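Chemist: Quick one: the structure is below, questions incoming.
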Amino acid sequence: MADIYGKGPKGKATRLHALIVRSHGFCQACGSGHQLQCAHIISRKYANTRTSLDNAFCLCASCHRTYTDNPVDFGQFVTDTIGEERYRELVERRNLISKVDWDDEVARLSEIAKEKGLI
């Protein structure tokens with residue numbers, strides 16, 4: 001089975017990010033506590049927002065699929081939840097050309113995960 005998070009430090013940072021987001025404990029759309037997933041606002045293909053904790057929601061598999069299939073509805077959910085300004089800030093960060101130090105990102109996310117008792 002393929003590793004959906006990727007390899008090396010980038011993959012480890014992505015895995016930690018997902019763990020922290022899912023630790024929210026319930027779907028931020030419907031309230032369910034089952035099959036929780038990390039749903040990115042800005043696609044994880046963009047390095048500068050990939051592991052930002054403000055770039056993801058904890059969604060159940062059903063809501064995640066619904067929003068994936070209905071991006072206009074997801075856009076409305078995003079702006080209703082975080083607001084237009086925070087969304088615009090994410091879009092601006094997405095376009096940065098600075099290089100991400102994935103080892104530093106692993107250290108940052110590991111510390112957060114430890115504080116939350118996740119690792």
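Chemist: Of (1) closer than 29 Å to Gly117 by Cα; (2) in contact (Cβ under 8 Å) with a residue 12 or more places away in the chain; (3) surrounded by fewer than 18 Cβ atoms within 10 Å (Cβ to Cβ), Lys7 satisfies all except one. Which?
Modeler: All conditions are met except number (2).
Chemist: Okay, next question. Within the range 77-117, restricting attention to residues that are in contact with a Ser or Thr (Cβ under 7 Å, 6 or more places away or on another chain) and either charged (D, E, K, R) or without any contact (Cβ under 8 Å) to a residue 24 or more places away in the chain (or both), which residue is farthest from Thr49 (Cα to Cα)?
Modeler: Lys116
Chemist: Quick check on the range 46-59: of everything there that is within 11 Å of Thr14 (Cβ to Cβ) and surrounded by fewer than 24 Cβ atoms within 10 Å (Cβ to Cβ), which residue is nearest to the chain's Cα centre (by Cα)?
Modeler: In this case the residue turns out to be Arg50.
Chemist: Report whether or not Asp80 is exposed (fewer than 13 other Cβ atoms within 10 Å of the Cβ), of a type outside the set (Val, Ile, Thr) and closer than 24 Å to Lys10 by Cα.
Modeler: Answer is no for this residue.
Chemist: May I pose another question? If you scan the range 28-45, which residues turn out to be among the basic types (Lys, Arg) and surrounded by 14 or more Cβ atoms within 10 Å (Cβ to Cβ)?
Modeler: Passing the criteria: only Arg44.
Chemist: Can you tell me which residues in the range 104-119 are surrounded by 13 or more Cβ atoms within 10 Å (Cβ to Cβ) and charged (D, E, K, R)?
Modeler: Selection gives Glu105, Arg108.
Chemist: Still on this structure, please answer the following. Quick check on the range 1-53: of everything there that is charged (D, E, K, R) and in contact with a helix residue (DSSP H, G or I) (Cβ under 7 Å, 6 or more places away or on another chain), which residue is farthest from Gly83 (Cα to Cα)?
Modeler: Filtering the range 1-53 for residues that are charged (D, E, K, R) and in contact with a helix residue (DSSP H, G or I) (Cβ under 7 Å, 6 or more places away or on another chain), the one farthest from Gly83 (Cα to Cα) comes out as Asp3.
Chemist: Next question, about the same structure. With the range 1-89 as the region, which helices (runs of 4 or more DSSP H) entirely inside it contain at least 3 residues that are small (Gly, Ala, Ser)?
Modeler: Ranges flagged: 8-22.
Throughout, read-outs are computed from the coordinates displayed, never taken from laboratory work. Bear in mind the structure is a predicted one, so any value in this text is a computation, not a measurement. Ideal geometry is used to build each Cβ from the backbone, glycine not excepted, and the neighbour counts take in all protein chains shown.
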